[in-house]
Amino acid sequence: MVKVITYGTYDLLHRGHIRLLKRAKALGDYLIVGVTADDFDKGRGKINIKQSLMERVEAVKATGIADEVIVEEYEGQKIDDIRRYGVDIFTVGSDWKGHFDYLNEYCQVVYLPRTRGISSSDLRSEVRKVKLGLVEDSVIVRKFLKECTYVNGIDVVGICTPELENLHPDFKELPLKTSCYEELVQNCDALYIASQPSEHYEQIKYALNQGKHVICESPIAMSAEECDELFKIAEERECVLMDAVKTAYATAYTRLMVILKSGIIGKIVSVDATCTSMQGFNPAQKNNKRKWNSISAWGPAAMLPIFQLLGTNYIDKRIVSLLADDQGSFDLFTKIDFLYKGAVASMKVARGAKSEGELVVTGMKGYAYVPAPWWKTDYFEIRYENSADNKRYFYQLNGEGIRYEIVDFLKAIECEYTLGSVSHEESKEICRVISDFYARRNFFSLDGKERYLTDK
Ligand code: CTP
């Protein structure tokens, strides 16, 4: 019996796939089809797959052409499969010509001509494209724009920024460049907002009221009440409102969260997160006003693992900051301690001080260690007293998580519900903590001049 094997994603199964499967089957007597798992495809940069792994497996099974359907989960699996199943022929479409010649060592490799004029990518982009507008010209917005090019179904149509004359060359090709926010909103279906945190509330409210979807750099508002109001409007207007915290979408981070929740390190007693970068307040520079302070720039990412592992119902907190100037709005360094029933947490953020940017989660059986910079890591360890029990985990990270954030935003728009990796509760608590910082609630100043203590 001649055994044939072929692999593919088989998203939105089309006639090109069917023709390939039929010809593959005709090469022998028994056909095995490997369907690529989502994560493996993410690793190769194919991240906007429309159907789930189960749907794609079912669709291939339903053709009745395959004798056996398997899932492809890891790099190098093809060699294992060929040996395990005693495969005689490996085949794929001619778009892969030459790519799998290394398998000739194990079996015969056949490239079949690809069917012209159809592909899953084409079918995916037939779905109406979301017209996206960018708000503000900054490093993160430039990264966001670049990541949009890796995702089907999104078309960046314009940018709005107060200083149009200094617009970065990356944005020069965009059809609409304006300093009028209303004009941008009018010309798009969705917005990515990365303006000053104090501008978010008004901008989001306006966009939602015009029926536009919004993804906004966290914090989305300056108080818990404003945040609640925005989510309410989004619900009424049937629009998506999402926090953009790229870490929340990084595969290693999301895996770490579920692994820890499964109890692998026992009951969690402490979460300690540090994020720092030296792009702080410089009294000699004029544009300090538009610079995000430490609590806004890093606070949301640092609070994320705390709230996602311990919840948002802490009993008490203490905010300690080193402020840059007398107005007190720019914190060079902030440390916040949270007290929970049975656990504690701390976050340290700074744009004017430096520390090790690691995440440590302490459990009663062991601990999780995510090395710096943990907010964009592809790696973490679960460690125990006996180091022989330690486990290491690696996950490919593309585009610092921004790419997956965009995919999630599009899915939320298409499916008309938010899948969201940051819950409303978490989003709201982030806003509350930042408003407490500005209101000097539960607040201590490090220079010893100020000392405020009021209840939450
Ligand atoms: N295939 C083909 N003819 C097409 C499309 C795909 O013969 N028009 C073959 C591929 O060469 C591969 C298999 O079908 O052997 C599965 O391809 P897959 O990558 O899942 O489909 P594509 O349509 O190529 O997907 P994408 O556009 O995302 O690359």
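The values are calculated or read from the model by the stated rules, or taken from the named source; none is laboratory data. Here the structure is a predicted model, which is why all the values come from computation and not from measurement. Cβ coordinates were reconstructed from backbone atoms using ideal geometry, including for glycine residues, and neighbour counts include every protein chain displayed.
If you take the residues of the stretch 83-106 that are of a type outside the set (F, W, Y) and more than 16 Å from the ligand (Cβ to nearest atom), which of them is farthest from G28 (Cα to Cα)?
The selected residue is E105.
Between residues in the stretch 221-240 that are more than 18 Å from I193 (Cβ to Cβ) and outside any helix (DSSP H, G or I) and residues that are among the acidic types (D, E) and at pLDDT below 95, which pairs lie under 8 Å by C-beta distance while being six or more apart or on different chains?
Partner pairs satisfying both residue conditions: E238/E416.
Looking only at residues that are at pLDDT 65 or above and assigned to a loop (DSSP other than H, G, I, E, B) in the stretch 419-447, which one is nearest to the chain's Cα centre (by Cα)?
That would be S421.
Please name all residue pairs, on different chains or six or more residues apart, with Cβ atoms under 8 Å, provided the first residue is in the stretch 6-30 and is touching a residue at least 60 places away in the same chain (Cβ under 8 Å) and polar (S, T, N, Q) and the second residue is near the ligand (Cβ under 9 Å from one of its atoms) and in a loop (DSSP other than H, G, I, E, B).
The qualifying pairs are T9/K46; T9/I49.
If you take the residues of the stretch 3-28 that are of a type in the set (S, T, Y) and in contact with an Asp or Glu (Cβ under 8 Å, 6 or more places away or on another chain), which of them is nearest to S125 (Cα to Cα)?
T9
Might you check whether a residue that is closer than 16 Å to K131 by Cβ and part of a loop (DSSP other than H, G, I, E, B) occurs anywhere in the stretch 177-187?
Yes, the stretch 177-187 contains at least one residue that is closer than 16 Å to K131 by Cβ and part of a loop (DSSP other than H, G, I, E, B).
So, of the residues in the stretch 69-82 that are under 24 Å from A26 (Cβ atoms) and not hydrophobic (A, V, I, L, M, F, W, C), which turns out to be farthest from the ligand (Cβ to nearest atom)?
Top of the filtered list is D81.
Any chance the stretch 35-50 includes a residue that's within 20 Å of the chain's Cα centre (by Cα), of a type in the set (V, I, T) and either crowded, with 17+ Cβ neighbours inside 10 Å or modelled with pLDDT under 95 (or both)?
Yes, the stretch 35-50 contains at least one residue that is within 20 Å of the chain's Cα centre (by Cα), of a type in the set (V, I, T) and either crowded, with 17+ Cβ neighbours inside 10 Å or modelled with pLDDT under 95 (or both).
Quick one: in the stretch 114-132, of everything that is near the ligand (Cβ under 6 Å from one of its atoms) and within 30 Å of C239 (Cβ to Cβ), which residue is modelled with the lowest pLDDT?
S121
Mind checking whether some residue in the stretch 216-226 is touching a helix residue (DSSP H, G or I) at 6+ places or on another chain (Cβ under 9 Å), buried (at least 24 other Cβ atoms within 10 Å of the Cβ) and polar (S, T, N, Q)?
Among the residues of the stretch 216-226, at least one is touching a helix residue (DSSP H, G or I) at 6+ places or on another chain (Cβ under 9 Å), buried (at least 24 other Cβ atoms within 10 Å of the Cβ) and polar (S, T, N, Q), which makes the answer yes.
Only one of these is in contact with a strand residue (DSSP E or B) (Cβ under 8 Å, 6 or more places away or on another chain) and either more than 22 Å from T254 (Cβ to Cβ) or of a type in the set (D, E) (or both): G64, G34. Name it.
G34
Consider I140 carefully, then state whether it is touching a His at 6+ places or on another chain (Cβ under 6 Å) and hydrophobic (A, V, I, L, M, F, W, C).
So I140 fails the test.
Of all the residues that make up the stretch 384-402, how many are modelled with pLDDT under 95 and acidic (D, E)?
Within the stretch 384-402, residues that are modelled with pLDDT under 95 and acidic (D, E) number 1.
So which of C188, C148, C180, C107 is within 30 Å of R15 (Cα to Cα) and at pLDDT 95 or above?
Being within 30 Å of R15 (Cα to Cα) and at pLDDT 95 or above holds for just one of C188, C148, C180, C107, which is C107.
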